[in-house]
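Here's the structure we're looking at; comments come further down.
The values are calculated or read from the model by the stated rules, or taken from the named source; none is laboratory data. None of these values were measured; they are calculated from a predicted model. For neighbour counting, all protein chains shown are included, and Cβ atoms are generated from backbone atoms with ideal geometry for every residue, glycine included. Accessible surface is based on the protein model in full, side chains and every heavy atom, while ligands, DNA and RNA are left aside. Shrake-Rupley method; radii C 1.70, N 1.55, O 1.52, S 1.80 Å.
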Amino acid sequence: MKVFSNPVGSGNLWFDNLTTAQGTPVAYDPQARAFLPMPPFCVNREIIGCNWIAPEQGAFCRSCAMTALAPDPNIPNAMPNWATTEAAKRWVLDNLGRWHWFRPEDPGTRPVFHMLAEGLTPVAMGHANGVVTISVAEADPVIRATRRQALDEPYRTMMGHMRHEISHMLWWRLSLREDFLDAFREMFGDERADYPAALERHYHQGPPDNWRLFYLTSYASAHPHEDWAETAAHLLHLTDITDSLVASGLTSPEVPRHGWDPYSESDTAMLINVAASLAIRVNHVNRAMGLSDLYPFVLSQTAQRKLAFVHDWLRRGAQGL
């Protein structure tokens with residue numbers, strides 16, 4: 001993620017800012033990729049702290065307009081959890097916009113979001129035919145940590161959920177292309193395999209012993225759909241880690257040049273090499289504070305080939321469908 005210029009004074013702005021350091025209200029324009037000091041602001045600004053501009057007064061911004069179902073405000077903590085969830089959605093949508101997904105120049109279908117709070121029954125997150133369902137309860141750090149431990153997942157965040165579930169939607173978009181499915185099946189396997197049976201087998205028997213040789217996560221081994229979603233999410237992780245570190249002024253010997261844009265890089269091997277080297281350094285810094293690793297994953301050769309496949313399609317796939 002970029003670091004942004006202050007439109008009304010000195011200093012920088014960060015992607016989630018609602019005001020400048022001097023208190024001037026600002027909003028983010030995702031088309032210009034810049035902050036503006038004037039309305040119209042998103043109608044959700046006062047409700048959940050949305051900091052994007054709207055097309056007109058009293059309207060939703062581009063991101064909030066994609067949310068067809070909002071959580072029940074009567075459920076405890078639903079509103080603050082929804083605010084955190086929408087902030088993660090805006091971040092991921094802006095990341096994908098760097099490859100022209102879901103922007104005005106993209107003629108294809110936009111995702112529709114169902115943001116649901118959990119009462120007595122947990123919400124199953126997922127994607128179906130363009131609709132992304134998200135449990136806003138996982139914005140709660142206690143709930144998220146409990147599920148991370150129960151599911152033996154080293155990384156579980158709302159940003160990760162957004163990237164994973166939107167990646168399912170991206171697969172659905174790409175599957176409409178005649179040239180995609182055969183290439184996908186050659187790389188990931190046949191997604192027509194029984195999905196419920198595959199997940200049941202995964203949760204009862206666990207992943208194969210050698211899953212680390214072929215997959216980024218144990219969950220990716222459950223089914224080709226999940227392998228794609230995990231791989232695409234990790235491509236977004238790695239690209240944004242790199243972009244954010246470079247934008248923050250940090251560097252390493254692996255960064256190819258001053259002003260390098262990771263989202264414009266076509267060489268996946270270079271992108272992954274830079275991202276991995278930066279992640280290792282930040283992992284080391286986190287350990288100095290007793291924190292979890294920023295990126296606790298090993299990139300096998302097979303996983304790197306899958307990342308390259310996803311990278312190629314996401315960089316060119318927003319056109320026409």
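What ranking of 203, 215 comes out by heavy-atom accessible area, probe 1.4 Å, highest first? Walk me through the numbers before you get to the answer.
Details: 203 130, 215 55 Å².
Largest accessible area first, the list is 203, 215.
State the antiparallel share, in %, of DSSP beta bridges confined to the stretch 93-163, rounding to the nearest 5. The partial results should precede the final answer.
Working: 3 of 8 bridges.
Close to 40 percent.
Does a label point 7 Å from the Cα of residue 110, set along Cα-to-beta-carbon, have any residues of the stretch 63-99 with amide nitrogen under 17 Å, and which are they?
Flagged as within label range: 63-70, 86-99.
Of [x] 55, 51, 47; [y] 74, 49, 37; [z] 54, 41, 40, which is the value of Cα extents along the principal axes in Å derived from the coordinates here?
Entry [x].
Ordering 33, 90 by accessible area with a probe of 1.4 Å, largest first, what comes out? Display every interim value, and only then the final one.
On the way: 33 55, 90 10 Å².
These residues rank, largest area first, as 33, 90.
Fully extended, how many nm does the chain gain between residue 285 and residue 8 (0.36 nm per residue separation, minus their Cα-Cα distance)?
Taking residue 285 through residue 8 to full extension adds about 96.3 nm, to one decimal.
Can you quote the Å³ per residue value for the convex hull of the Cα atoms in the stretch 246-321, rounded to an integer? Could the numbers behind the result be given before it?
Values: hull volume 9.2 nm³, N = 76.
Once divided by residue count, the hull of the stretch 246-321 is 121 Å³.
Provide the per-residue ³J(HN,Hα) series for the stretch 275-285, in order, calculated from phi with Karplus coefficients 6.51, -1.76, 1.60 and θ = phi - 60°, each as a whole number of Hz, with x at glycine and proline positions.
Taking θ as phi minus 60°, the curve returns 4, 5, 5, 5, 5, 4, 5, 5, 3, 5, 5 Hz for the stretch 275-285.
What ³J(HN,Hα) values, in whole Hz, does the Karplus curve 6.51 cos²θ - 1.76 cosθ + 1.60 give for the stretch 254-265 when θ = phi - 60°, with x put for Gly and Pro?
Taking θ as phi minus 60°, the curve returns 7, 5, x, 6, 5, x, 4, 10, x, 6, 8, 6 Hz for the stretch 254-265.
I want to check the label-to-label distance for residue 248 and residue 300. Put each point 7 Å from Cα in the C-beta direction and report it in nm to one decimal.
Calculated label separation equals 3.1 nm.
Using only the Cα atoms, what convex hull volume per residue in Å³ does the stretch 131-173 have? Don't jump to the answer; show the numbers that get you there.
Details: hull volume 3.0 nm³, N = 43.
Dividing the Cα hull volume of the stretch 131-173 by its residues yields 70 Å³.
Calculate the spin-label point distance for residue 47 paired with residue 153, positioning each point 7 Å from the Cα along the beta-carbon direction, and give it in nanometres.
Each label point lies 7 Å from its Cα, and together they span 2.7 nm.
Quick one: check the C-alpha center-to-center distance for the stretch 265-306 versus the stretch 158-230, whole angstrom.
21
Could you tell me the largest-minus-smallest coordinate of the C-alpha atoms of the stretch 177-320 on each of the three principal axes, in descending order and whole angstroms?
Cα spread of the stretch 177-320 along its principal axes, largest to smallest: 47, 43, 21 Å.
May I ask what percent, to the nearest 5, of DSSP beta bridges between residues of the chain are antiparallel? Mind showing how you got there, number by number?
Values: 10 of 18 bridges.
Among the beta bridges of the chain, antiparallel pairing accounts for roughly 55 percent.
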